[in-house]
Each structure stands twice: as structure tokens, then as C-alpha cells.
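Inspection log for the structure reproduced underneath, given as C-alpha cells.
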Amino acid sequence: MSKISTKINVGNFFEDFSIGQKIIHPLPRTITEGEVSLYIAFTGSRFALHSSDELAQEIGYNERPIDDILMFHLTFGKSVQDISLNAIANLGYAEISFPNPVFIGDTVRMESTVIGLKENSNGKSGVVYVHSIGYNEQDKEVLNFKRWVMVHKKDKETMIGINEVPTFAESTPIVEDINIPEIDMVDTNATGGEYFFEDYEVGERLNHPEGITIDDSDHTLATKLYQNNAKVHFNDHMMKSTPMGERLMYGGIVISIARAISFNGLQNAQWVYAINSGAHCNPTYAGDTIYAYTEVLDVIDHSRDDLGLLRLRTVAIKNQKSDEIESPKGEDGKYLKNVVLDLDYTVIVPKKKTKKQ
Amino acid sequence: MSKISTKINVGNFFEDFSIGQKIIHPLPRTITEGEVSLYIAFTGSRFALHSSDELAQEIGYNERPIDDILMFHLTFGKSVQDISLNAIANLGYAEISFPNPVFIGDTVRMESTVIGLKENSNGKSGVVYVHSIGYNEQDKEVLNFKRWVMVHKKDKETMIGINEVPTFAESTPIVEDINIPEIDMVDTNATGGEYFFEDYEVGERLNHPEGITIDDSDHTLATKLYQNNAKVHFNDHMMKSTPMGERLMYGGIVISIARAISFNGLQNAQWVYAINSGAHCNPTYAGDTIYAYTEVLDVIDHSRDDLGLLRLRTVAIKNQKSDEIESPKGEDGKYLKNVVLDLDYTVIVPKKKTKKQ
Amino acid sequence: MSKISTKINVGNFFEDFSIGQKIIHPLPRTITEGEVSLYIAFTGSRFALHSSDELAQEIGYNERPIDDILMFHLTFGKSVQDISLNAIANLGYAEISFPNPVFIGDTVRMESTVIGLKENSNGKSGVVYVHSIGYNEQDKEVLNFKRWVMVHKKDKETMIGINEVPTFAESTPIVEDINIPEIDMVDTNATGGEYFFEDYEVGERLNHPEGITIDDSDHTLATKLYQNNAKVHFNDHMMKSTPMGERLMYGGIVISIARAISFNGLQNAQWVYAINSGAHCNPTYAGDTIYAYTEVLDVIDHSRDDLGLLRLRTVAIKNQKSDEIESPKGEDGKYLKNVVLDLDYTVIVPKKKTKKQ
């Protein structure tokens, strides 16, 4: 007779979290050339800094750094089994920053601290707020963000009454000491873009013309690569008995595709400095084609004379061209049904003086 | 006028094999970071030893070793064109062992010796038994197994009458000198699992909750990566005119997915010591979702005080949750139609004394 | 109010090109182990020189070189956004050569010169002829070819009247100084093929038995990896409103699959010396199964005593076995509807004296 084991990790429920609790997420990950190649295969990304050691060296690096969004996925994925395995919804992100670059061969890991808990009034679930920090093997911070998810309660009958909600900065603060090397030289023939920081203005809207269709294997291979084990992305058998009827795409896939599409017009914006906030407005499924447009929300000068920052809003739309919608929300203030991502983020763009003559 | 070439390799038929015959399989393969990344993308595997150089070094390695099952596929794939290109069925495996670890940059190759031949009574086919050994570039054994396949005869009219069947050990013998470094320290925060050798008991059953759906590109990309060229896995045009009606998934894919799913509950069982036997009970096709449960068949102590071994039986099921079946076989002694793998194997688990305090 | 940006690169139209114009294609690319592994996963390629450092060293290299066709795709992909983003059709290639080998870690880039322009008589489009050269990071030529594409005009009303058409060599010239190391030794047990240069004869036809089915994710992942951003390959939403009705496969995918299939019978032809010309006779879509046969057009001796060259014609067919068609063209001189590639190319094959005894 077999005995059912209790060694199975069923993830954390609302009652398993407490304010101040520190969670060390398992699975440190050594990032390799394999991840870098696969990321290009998944997204078609063409930001040159991440494609060429020669170009990275000309800019001022010893070697090309890992794409910030790829690093985010690889690091973030580790937190799923502790934070959001029983999540009803990923509600939001705030203050995402990338304090230090990551290179091929680095090993990243992540830790989280619970900073807020709010029981829902129906007593069946609650919202967990965490502050998560990713580190490299030298214990340098490589990722820092806050996140909140709605999680099931174990005991849906008893109210706990906790309601501690943290506040977040409206955007990720910009520090004086930006950790990228002094930019020696930007060869626009190599990056593919002729525009520099000074060329962009507030209110400018870039209708990126490309559309990229995502299939089942594309998104499941990527999400498995990130060791993100949220069941909704992988288990078609289970999803068939839900209202969705099929596997839901990991929202990070849409962020990656939208960022890759934004290359056309933002070729020299090769660094994501921060993600201020983001909403996955509607679900994305295999077969959907992603389009995107970008608005320049702010043009932010910096004391460094080689670079400035652009605060951008990139909106991703499924199965509709980017120039066919004016605003992501309708007159009722709700997101249009084809809008799948509303991302507020900040990129670094070199100034004109860095242009290779 | 063109002349039809006779240079095409059509594979070996039953008559092409003889007892004692030695076959050097072509295509030595240098294993790279690319294979390691792709394997994680194919399976979502989270065994930390294969994900992190830092963690491998803490355990006692210089660098992370290649996942045993990945190494099996990459090495095994080479034998297909010589042994099983004309196979009617892959009948069984025995005494699979992994004598030495393989690392990124190693080059593996394989040789086989024919150890048995049994003509079927209908005269149309026969069973070929081989003993296959994989080596690294220093000629150290990295894989050792026995395998038998049913192969077509060229001349289906003439009986040969050969009937030499080898015997196999019921399980792969366990040696004194296990070739993994003395385990310095297991950080359960990093491996994601708190259970050690002493925690498992005979008869314990782990119902792994995850299910992973496999699509066409997933399994064909993996099987091509392994340079396994069995036609049934790749040629949809050909398969449409067979009773199967579509491409059959390489059985090794199911082994890999089942092993990846078994992580939940067996996080510290990071080494496959041996595969004692395995049956691919039913075919698997694209779109199937794989679930798995594991039973502890035996708890095997070892003279080394840092580790012990567990003999496990992992059963993979398609499109049915692992806790919904009690036994893989029905009352008639036959495998249930949803059961796709019955794997008897032995893993190494560190003892409690290795736990990082 | 947002202001529509003019920073979007919409690609070049016929009027944007001028004879003698030099175009530096952006996106230098460092080639990694990831690309090499993915290429094997995409194609199942088994040419041993590209799979094993040990074998490459035995032949005379320091390490295994990159597969010539993979290098072609990675380098060629960069020219799409400048040359063929607005292409109506890729009309042809000529004089493709691979002057120097490329290795893992090399960074490749490409430049083109416009060598011909021919306006079409309808005034709506024209043909652009370019001479493109790929370089490694030491500015050595690694790829050299000519190509012509039909491109839309911006102003379809006004005739320009240009008609400068270059001439091309009927086949890529063969130089005295072939840039591969003196071949020390070919181990036929490792390459999987027993035939050498002297074994092939003009008129010989190899009916390769394998068929490989390509799915959506296979071809889109590969094309994105090559950073080839031609919209017809990625955007299913757009393609649904065209007569094709779905994404068109990048023709290079078919070349790669046909080359991989040609392994059976040409195992020692591990180097593509040149592509003389090629036609993508019919479109290929996801779900198609590719078969191929090869005819030996010419047997070309060389002053080097370790190697010779074979001029080959490989014909790829979709959803029909390679031995089921006699000629790729029907009695009307047009390609049969299942023929998808007619490739005239030259490979290097070692002579018998190099065989390992």
C-alpha cells in the first residue's frame, strides 16, 4: 500500500505570509550564451548592444551585457513558486530598477520581503505586497522591484482583518550614479538608429509598424526557460476546463515582444533604466499578433553629459495595428479589449556628443 | 540521364547484425551551453545543480554538471541510425548507468556491441540486443546501458533460426565508488527542497501536481537537437498514412518531462544514478499534457556518509491528473490507456548531515 | 495631444537606391554556442565537423567552424531591413562564396553596394541588384554574394527610365587558395560516411529518404534568431488578409532543411564552398514536410591533393517523396507545384588519401 507523501510544495496561501517575512527564492541561475540566443529567437530583438561584443566594447563595456528584460524574466521566474503559485491575479508592479548590469556567466538569485497584506472584503482572498531584490554572485543588486498579487486564502470562512497597504513612488527614482560605463562612442551604422536623446520630445508618438505572432511553443519554451512554473502557462489540459479554455501567455512575453518591436524608432535606447508601472490589460493567447506604439511621456536630462533618459509609455495591442487606436482606453475609462499591455518605463539614450563621426 | 546512387544509408536490418559485432556510432558531439539552455526550455527543469555554477561549487564541483537525462539523449541519439532506424518497436532498456559526470565543453561519443539476436517465429523480424557505452573525450565512460529493439528482416521468407537472448540484472548494480564529489553542503534555500535521504520511506507516493503540455515544435526541436533521426518523430507527411496519423513523440521527451515534474517533492534528488528499466506504455502526441507521480520502491543506504540512494518508480500519465489513478495497470494486468511511461530508476539524495546550517 | 513621430524606419523604396551606393547594414552579431545548438535543433543537421571540437581538431582545425549556411542566415538577415523590407519578391542570388571560416565568438557584420537598377515597364516597381560582403571582427571576408530583389516604387506615376543590369558568372569561381586547413585525417566512423571525392560521378542522383516537417514555431524562431525582420514571416494577422492567408516561411529555412537532409549520402561533404544560384520555386508554409534529392552536376578536381569539389543540384519538394519526381520541372518548363527549392551549389569533399586507417 502506498502512503500519500506530504512532501509536495503546494505554494503559499494568504495566511502563509506575514509583514516583514523574508523569503529566499530557490534556484540560483547561471546565465549563459544559450539564454541570450534563445531570447533573440523568442523576440527577434535587435538592440545591438546585446547582439555584439564588438559594439559593446566600442561603447565602453568589456563585453555585451544581458538584455535587461531577459534578466528580469530569469530572475523574476524564481519567485513564482513562493509568491504567486496560488495567485488569482498579478495585480501590479512598481519601482522596478536594474541597478547593475548582468553578463554571460553571472549567477543570479532573488529574495523577497513581505511589505503589505490586505485581506479582501469577501474573506476568500487577499493581496500580498512584496519587495523583491535580485543579486548576482558578488551580491550586487541587479534587480529591485515591488509587486502585488491576489492570492487565495486557505480558510475562506474566517476573517483576519489585516489591511496594511504600502505606498509606492509614482515612478522609479532616478539616481545620480547610473551604473553604465561612460559612453565612448555610438556608431549609428551599427545600432541602426540615427536619433539621440536630444531628438525626442514630450508627446511624440511612435507607431511601430511591425507585428509579431506568438505560437504555443514560442511562449511555453520561453516561460519554461525562465523556470517560471505558474500552471496557467503550461497545462492545457487544466486550462481547457476554465473559462479561458486554453493556456494563458505569461505577461512577460508580451513585454518582451513589445520592447523588441519598439526598436524601430528607439534603436539607441538600448538600456531599460526602470519600469515605473505596468498593466496586463487583457489576456494574450497563442496565435495572437502583437503590435505596439510608444509615447514619450517625459524627457529627463541627467548630470552625466553622455546620456539622458526618456520616460516612455508603450502600449501593446493584439490583432490590430498600432496606428488604428488613438488611446488604450475607451470613453468609459476601461481598456479596449485588444489592448494587452500598458507599460510605463524609463530608458537611457545617449546624447549627440557620443555619435561616432 | 541520372543514375540512382547506392550511397544512401538505409539503416541495418536483422540480418546485418551478428553476435559480438562492434558498432562505432558516428557524430561525436561537443555539449555546449546551448544544449543546457534548450533543455531547460524544453522541460522547465528546476534541479538546481544543473542551473547554477555557484550552487554546484558549494556542493563540491568545479562547475555544474550536465543533467543526466540530457546527456543520455545526446549520446543515445547517435545510435538510432545504426540500431533502430528500421525498428518496429523499442522494446526495452536495462542496466542504464551514468559512471562519470559530463560538463559543458565535453565531447561525447558512443559504441555498441551486439549481445543477443532472436528471430521472431513469423520470420519477418527479430530482436537485436545491444550493449552501448558512451565515452567522453578522455575515453571515460559516461553512459552504459543495454537495449533491445525489434527490427525488420530484409529477407522475410528465409528462417535463420537464431535465438540467443542475454539476461539482464533486475536493477542496475550499485557500486561502492560513486563518482560524484564528496557533498560539502546542500543549501535547501537554493535547491528549493528541505527533504534529505533519511526523510523518504518505502511505499511513499508523491503525487506531483504539475502538468506540462507538449506541442509539435517542442518535441521535434528537442529530438532534432539530440540528432536522433528516427523518421516517426519528424515526418508528418509519412505518418499521416499510418494508423497513428501523426508524428509520434520520442519516448525520451516523456522521460525528461516526467523527471522535471518530479522536482516537486524530490528537489534534492539531483542525480540520476541509474535507470533500472522503463516502458513506454502508450504513445504520446503533440497536445498531450503530461502528469506524473512517483513511488519510493526502495531506500538504499551507502557506505558514503554524505549520500544515500532511492529506487523510484515514476509513472507518467497523459491528460489525467496524477492523483486520479491508483495503479498504472488495470485489473487485466495491462497498462491503462492514459499511462505513457513506467520508469524504474535510482537517484542519489544527500544525507541530513550535508544540510547547510 | 500626441504628435506622430517621423523616426520610424519604413525601409527603402526603388527611388532610394542609386548605382554605386554603399550601405552599411546595422547589427553586428557575435555568434555563440547558442546559435550553434539552435541550428541543430531547427534542422537536425548531422554534419560532424560542426558538432564536435574533437573531430574538427583531428581534421586540422583548432575548433569546430560554424556551419556555412547558419553563418549565411545570421549575416544575410542584417540586410533585410535596408534592401528587402519593401520587396515584392526575392528574385535571385549569384556568386555566393564563403571566403573564410567563422568560429564561435566571432562577430559578423555586412555591407552592400548597389550594382544595378532596372525599373519595371509598369512603372510601379523596379529591380535592385546588390553586391553584399560579410566580414568578421578582423575585417576578413566571410561571405560574398550578389542578390536582386523587386522593390516597390514610392512614386508609381513617374517613370525614371533606369535600366542598368549587371552580369553574373554562371557559377561562383573556384580559387586556388581555398581557406580550409590541410585535411589531416577523416575518421569515417565519426563522420558517418564512407565516400570520398573520388567516389562521386557526374549524373549520380541521391534520393535522400528523410522528410522533415516544419511547424510555425520552428521557422519563426529561426528567422527571428537570424534577426531577419521581413514581415511576411512573422505577422499572421497581416498575412491573413493576403492571398497567401498565412505566414510565409523564410526561404533560407528550406535551404537549411534540404542541406541537413542531404547528409545521407554526402556525409563527408562538410563544407559548402559556394552557392552558384538558387530558386525558391514555390512557397512553403507551416505543416509542410520537406524532402530532397541531389544530383552531381560536376566533379571538380583541385590542385590541393587532399580535397576536391562537387557541384551539386539539390531539389527540395514539399509533401512528396524525393524518388517520386524525376525532374523539378514539368513538360511546360515550369516548376512542379510541390518543388520548393532548386539549389545549385558547390561542396568540398576530402580525397581518399585523408581517410583514417
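The values are calculated or read from the model by the stated rules, or taken from the named source; none is laboratory data. Since we're looking at a predicted model, the values are computed, not measured. Using ideal geometry, Cβ is built from the backbone for each residue, glycine included, and neighbour counts are taken over all protein chains shown. Ligands, DNA and RNA are stripped out before the accessible areas are found, and what is left, the full protein with its side chains, is counted by its heavy atoms. Shrake-Rupley method; radii C 1.70, N 1.55, O 1.52, S 1.80 Å.
Going through segment B:181-191 one residue at a time, which ones are within 7 Å of another protein chain (Cβ to nearest Cβ) and open to solvent by less than 10 Å² (accessible area, probe 1.4 Å)?
First, pick out the residues of segment B:181-191 that are within 7 Å of another protein chain (Cβ to nearest Cβ): B:189-191.
Matches in segment B:181-191: B:Thr191 only.
If you go through segment B:99-113, how many residues are surrounded by 20 or more Cβ atoms within 10 Å (Cβ to Cβ) and closer than 30 Å to B:His152 by Cβ?
4
Suppose the filter is open to solvent by 10 Å² or more (accessible area, probe 1.4 Å) and more than 8 Å from every other protein chain (Cβ to nearest Cβ); does A:Pro243 pass it?
Values: open to solvent by 10 Å² or more (accessible area, probe 1.4 Å): yes; more than 8 Å from every other protein chain (Cβ to nearest Cβ): yes.
Here the answer is yes, as A:Pro243 does meet what is asked.
Quick check on my filter: what residues within segment B:19-50 are more than 21 Å from A:Leu27 (Cβ to Cβ) and more than 7 Å from every other protein chain (Cβ to nearest Cβ)? Please lay out each step first, then the result.
Within segment B:19-50, the subset more than 21 Å from A:Leu27 (Cβ to Cβ) is B:19-32.
B:Ile19, B:Gly20, B:Gln21, B:Lys22, B:Ile23, B:His25, B:Ile31, listed by residue number.
Which numbered condition trips up B:Thr75, out of (1) β-branched (Val, Ile, Thr); (2) surrounded by fewer than 19 Cβ atoms within 10 Å (Cβ to Cβ); (3) within 14 Å of chain C (Cβ to nearest Cβ)?
(2)
Criterion first (modelled with pLDDT of 95 or more, open to solvent by 30 Å² or more (accessible area, probe 1.4 Å) and more than 14 Å from every other protein chain (Cβ to nearest Cβ)) does B:Lys334 satisfy it?
Numbers: modelled with pLDDT of 95 or more: yes; open to solvent by 30 Å² or more (accessible area, probe 1.4 Å): yes; more than 14 Å from every other protein chain (Cβ to nearest Cβ): yes.
It is true that B:Lys334 is modelled with pLDDT of 95 or more, open to solvent by 30 Å² or more (accessible area, probe 1.4 Å) and more than 14 Å from every other protein chain (Cβ to nearest Cβ).
Looking only at segment B:254-309, filter to residues that are part of a loop (DSSP other than H, G, I, E, B) and of a type in the set (A, V, I, L, M); which one of those is farthest from the other protein chains (Cβ to nearest Cβ)?
In the first step, residues of segment B:254-309 are kept if they are part of a loop (DSSP other than H, G, I, E, B); the result is B:262-270, B:280-288, B:301-306.
Of the ones still in play, those that are also of a type in the set (A, V, I, L, M) are B:266, B:269, B:286.
On the way: B:Leu266: 8, B:Ala269: 11, B:Ala286: 9 Å.
Here the residue is B:Ala269.
Of all residues in segment B:221-232 being within 8 Å of another protein chain (Cβ to nearest Cβ) and modelled with pLDDT under 95, which is farthest from B:Leu74 (Cα to Cα)?
Only one residue tops the list, namely B:Lys231.
Exactly one condition in (1) touching a helix residue (DSSP H, G or I) at 6+ places or on another chain (Cβ under 7 Å); (2) more than 9 Å from every other protein chain (Cβ to nearest Cβ) is false for B:Phe13; which is it?
Of (1) touching a helix residue (DSSP H, G or I) at 6+ places or on another chain (Cβ under 7 Å); (2) more than 9 Å from every other protein chain (Cβ to nearest Cβ), only one is false for B:Phe13: (1).
Answer with yes or no whether A:Phe47 is touching a Leu at 6+ places or on another chain (Cβ under 8 Å), among the hydrophobic types (A, V, I, L, M, F, W, C), within 27 Å of A:Lys146 (Cα to Cα) and not assigned by TED's automatic domain parsing to the domain that holds A:Glu210.
On the way: touching a Leu at 6+ places or on another chain (Cβ under 8 Å): no; among the hydrophobic types (A, V, I, L, M, F, W, C): yes; within 27 Å of A:Lys146 (Cα to Cα): yes; not assigned by TED's automatic domain parsing to the domain that holds A:Glu210: yes.
Answer is no for this residue.
For the subset of segment C:192-220 comprising residues that are among the hydrophobic types (A, V, I, L, M, F, W, C) and not in a strand (DSSP E or B), which member is farthest from the other protein chains (Cβ to nearest Cβ)?
C:Phe197
As an exercise: evaluate C:Ile8 against (1) surrounded by fewer than 24 Cβ atoms within 10 Å (Cβ to Cβ); (2) touching a Lys or Arg at 6+ places or on another chain (Cβ under 9 Å); (3) among the β-branched types (Val, Ile, Thr) and give the number of the one condition it does not meet.
(2)
Within segment B:290-316, count every residue that is in contact with a His (Cβ under 7 Å, 6 or more places away or on another chain) and among the aliphatic types (A, V, I, L, M).
Summing the residues that are in contact with a His (Cβ under 7 Å, 6 or more places away or on another chain) and among the aliphatic types (A, V, I, L, M) in segment B:290-316 gives 2.
Which residue, of A:Ser262, A:Ser322, A:Ser277, is farther than 21 Å from A:Ser45 by Cα, of a type in the set (S, T, N, Q) and either within 22 Å of the chain's Cα centre (by Cα) or at pLDDT below 95 (or both)?
Going through A:Ser262, A:Ser322, A:Ser277 in turn, the sole match is A:Ser277.
Would you point out which residue out of A:Ile96, A:Ile83, A:Ile66 is in contact (Cβ under 8 Å) with a residue 40 or more places away in the chain, crowded, with 18+ Cβ neighbours inside 10 Å and within 14 Å of chain C (Cβ to nearest Cβ)?
On the way: A:Ile96 fails: within 14 Å of chain C (Cβ to nearest Cβ); A:Ile83 fails: within 14 Å of chain C (Cβ to nearest Cβ).
Just one listed residue meets the conditions, A:Ile66.
From the list A:Val349, A:Val299, A:Val272, which residue is in contact (Cβ under 8 Å) with a residue 40 or more places away in the chain, under 25 Å from A:Glu194 (Cβ atoms), of a type in the set (Val, Ile, Thr) and open to solvent by 40 Å² or more (accessible area, probe 1.4 Å)? Steps first, please.
Working: A:Val349 fails: open to solvent by 40 Å² or more (accessible area, probe 1.4 Å); A:Val272 fails: open to solvent by 40 Å² or more (accessible area, probe 1.4 Å).
Every option except A:Val299 fails the conditions.
Hey, could you check segment C:179-222 for residues that are more than 16 Å from C:Gln267 (Cα to Cα) and aliphatic (A, V, I, L, M) and say which is farthest from the chain's Cα centre (by Cα)?
Of everything passing the filter in segment C:179-222, C:Val202 is farthest from the chain's Cα centre (by Cα).
Quick check on segment B:35-55. Is at least one of its residues in contact with a helix residue (DSSP H, G or I) (Cβ under 9 Å, 6 or more places away or on another chain) and within 23 Å of B:Lys156 (Cα to Cα)? Even if it seems obvious, please write down each step before you answer.
Going through segment B:35-55, the residues in contact with a helix residue (DSSP H, G or I) (Cβ under 9 Å, 6 or more places away or on another chain) turn out to be B:35-52, B:54-55.
Those still in the list that are within 23 Å of B:Lys156 (Cα to Cα) too: none.
Scanning segment B:35-55, I find no residue that is in contact with a helix residue (DSSP H, G or I) (Cβ under 9 Å, 6 or more places away or on another chain) and within 23 Å of B:Lys156 (Cα to Cα), so the answer is no.
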